[in-house]
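Worksheet for the structure shown next.
The values are calculated or read from the model by the stated rules, or taken from the named source; none is laboratory data. Every value quoted in this text rests on a predicted model; they were computed, and no experiment measured them. Cβ: placed from backbone, ideal geometry, glycine included. Neighbour counts: every protein chain shown.
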């Protein structure tokens, strides 16, 4: 069967006016949903899925997939402008995007993010087109031991993320783990720290915590340091000086991270579980490790925005692989899409692509077009969104707080989560005050429970021995990656120091003795 | 149809209703007294206790679609997903609307298990039971690569190799009860590994970590048809139409297989006339072509029990769940 014949058929089925219209609606709605704090891809899909009941399956999937990746583009806007990530995979991008915006480079940062998303989305769709079935084998070789190791790799990258202040970093991670233990323990079926409340039995969601720690915490911090008294004029001036397009220097800095982040994101996105989050974390730490000036990270390094942003978007496309080829959802968002398959009367599974070629290939074809639409729309809309940086903080802050509360409430309709969001806002402020890392906390909150669950599953499987982690080929490969991750950041500075020392010694030997 | 409401006065409010309100601890303010003959005279609120795209959601939306298509409900139906707390939020919403005949919801396995796990403030017995429409049963699956062709081969293999690793969703759940019972009755030892989501459960088996899993036919059928996994047993009362060669657990001599009830409920203390009206309408719904298609496509087993029969069924299943989970030490 020829891939290109299938793709041609797919393109033909997408090019009907109705499907095109729904694709356009999908990317538009997705982008705007993503731009609301709290509403990320999975919440956006959950809200829109019921509307597709009764729609033609191809039209419906084209629209919903567009909402999915559209929300990923849109989520970057809130990450960069108001420091609020829409899902855990976009946390690393926030770390560099927001400082860039603070420096008056909001528009160039958003353009770089959009281009990174576009390149990653398109390249990943090409990989999906030609290599979906072989990559599906990666997904099906990942059992609990491999997932555990993968999550541990993600957690190891936090060492790079928190940088030098390791005590604060450790405390932040432990805090995230602690929040992550709330809820019913899936292995034992018992409640932990729920105080009998049914609101908490499924644990504390990522969204309210992230919005609180990042978005609200930032606002409180700005007020604390007197930012509300600053006139927006100075910000405005800086923004104007920065112009619209990123500088040639910035493009150069972004190119390689995008080229590295894209395949990385796709590969890890294929893996059900924590693929996208781990991919963007690895991308961030890789870029920091490779950078000649790692001290710029956390203060607006373009590499740290472009790499994770690319990884995050290609992971979204990568997660379509197990969905289409195996009928297995890899993330919260694709789980909603899988529900959609059944709602539209399709049987997900290995035969889906054979039995419903117009559906699967229509979806793939639409992703090329959708990415182009999103790039165009982003470039067009970015100045509009970026205008918020010109609004006086005193006016903007209450609006953002309102939006944060609204976004949090919309996701699950839970007032308790709005409370958690406000509580985490105060916590986020204190964390900034004492130099802790909110990013490490939310990542630990997301990865901690997965690590716990997969570790316990692995040990149940092995009868309590850790040998399970070295007995299987994929686990061994992951252990190799882990060793590299641990050794390289320690080894390189150590080697550098050794070289310095030797040079210094040589100098000293040659120097005249002190009287 | 005229949309008349009688004023709520102390005179027309029957003593029974007051007693009921006191008993359920909820305000009678949500309850409107109306002429049973006029039911239904208002818009309906359809609560789905789970998120969009899940089994419960798809069933509810199919039912609402049928009611609308066939003009079976004369007013508007507003569908709302109230997810959270494994159904606690959605069904809790019905509890707080006790006595109101204009709020409905559908059931699933958590309707029986969530109250065993958490302090929900309700159990299945509190609600007004309209009818059971179908049950969602489980397929017992092994990877194709294991080369096991039937249940007898599996039990032999499992007994020989010592404890086998089997998986399912959750601990306080149908999956665990079924795995534990099958192992006990067939005489082999298991290590049950609970998962939180279907995707990870299925890849755990395909990666060679698990020897066998149980899954709802709806989520496993794709892989079964693709030949990646082999179904050995079905826990339903009758064989699945889509898999006529797979024997039922009963045929293989196994008893006490539990399943997820897919039925319709009204809030606690909803009036009898409302329940009877819904039984009448649902009798028509289950005969429609759309409903038959839904049952076939989602591989459910039709199991129709109206009113008190449904109540009795829920009581039996609930007791069974509780006893079994207590016995296995999953709940205290």
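Observations on the structure shown:
- Scanning segment B:281-297 for residues that are in a helix (DSSP H, G or I) and over 23 Å from residue B:221 (Cβ atoms) yields B:281, B:282, B:283, B:284, B:285.
- Selected residue [within 12 Å of another protein chain (Cβ to nearest Cβ) and either part of a helix (DSSP H, G or I) or surrounded by 21 or more Cβ atoms within 10 Å (Cβ to Cβ) (or both)] from A:136, A:113: A:136
- Of the candidates B:71, B:100, the single residue that is part of a loop (DSSP other than H, G, I, E, B), away from chain A (no Cβ under 14 Å) and touching a helix residue (DSSP H, G or I) at 6+ places or on another chain (Cβ under 7 Å) is B:100.
- Residues of segment B:113-145 satisfying the condition of being away from chain A (no Cβ under 14 Å) and over 18 Å from residue B:281 (Cα atoms): B:124, B:125, B:126, B:127, B:135, B:137, B:138, B:140, B:142
- Of the criteria (1) modelled with pLDDT of 95 or more; (2) closer than 24 Å to residue B:107 by Cβ, which one residue B:151 fails: (2)
- Scanning segment B:47-68 for residues that are surrounded by 22 or more Cβ atoms within 10 Å (Cβ to Cβ), away from every other protein chain (no Cβ under 11 Å) and either free of Cβ contacts under 8 Å to residues at least 24 places away in the same chain or not in a loop (DSSP other than H, G, I, E, B) (or both) gives B:47, B:63.
- All of B:114, B:123 fail the test of being surrounded by fewer than 21 Cβ atoms within 10 Å (Cβ to Cβ) and over 16 Å from residue B:47 (Cα atoms), apart from B:123.
- Being at pLDDT below 90, more than 23 Å from residue B:313 (Cα to Cα) and outside the structural domain of residue B:301 (by TED's automatic domain parsing) holds for only one residue in B:222, B:187, B:168, and it is B:222.
- Count - residues of segment B:169-194 that are over 19 Å from the mean Cα position of the chain (by Cα) and not in a helix (DSSP H, G or I): 8
- Matching entry among B:120, B:114 (being assigned by TED's automatic domain parsing to the domain that holds residue B:290, in a helix (DSSP H, G or I) and modelled with pLDDT under 90): B:114
- Put simply, of B:245, B:276 the only residue that is without any contact (Cβ under 8 Å) to a residue 40 or more places away in the chain and either within 13 Å of chain A (Cβ to nearest Cβ) or over 26 Å from residue B:315 (Cα atoms) (or both) is B:245.
- Filtering A:67, A:91 for residues that are out of contact with any strand residue (DSSP E or B) (no Cβ under 9 Å at 6 or more places or on another chain) and more than 14 Å from chain B (Cβ to nearest Cβ) leaves a single hit, A:91.
- Here residue A:119 meets the list (1) in contact (Cβ under 8 Å) with a residue 60 or more places away in the chain; (2) surrounded by 24 or more Cβ atoms within 10 Å (Cβ to Cβ) almost entirely, failing just condition (2).
- Given (1) within 22 Å of residue A:96 (Cβ to Cβ); (2) more than 14 Å from every other protein chain (Cβ to nearest Cβ); (3) in contact (Cβ under 8 Å) with a residue 12 or more places away in the chain, number of the condition residue A:446 does not satisfy: (2)
Table: residues versus (1) surrounded by fewer than 22 Cβ atoms within 10 Å (Cβ to Cβ); (2) within 30 Å of residue B:40 (Cα to Cα).
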position: B:227; (1), (2): yes, no
position: B:234; (1), (2): no, no
position: B:237; (1), (2): yes, no
position: B:241; (1), (2): yes, no
position: B:244; (1), (2): yes, no
position: B:248; (1), (2): yes, no
position: B:253; (1), (2): yes, no
position: B:265; (1), (2): no, yes
position: B:272; (1), (2): yes, yes
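- Segment B:224-242 - residue that is in contact (Cβ under 8 Å) with a residue 24 or more places away in the chain and not in a loop (DSSP other than H, G, I, E, B) and, of those, farthest from the other protein chains (Cβ to nearest Cβ): B:233
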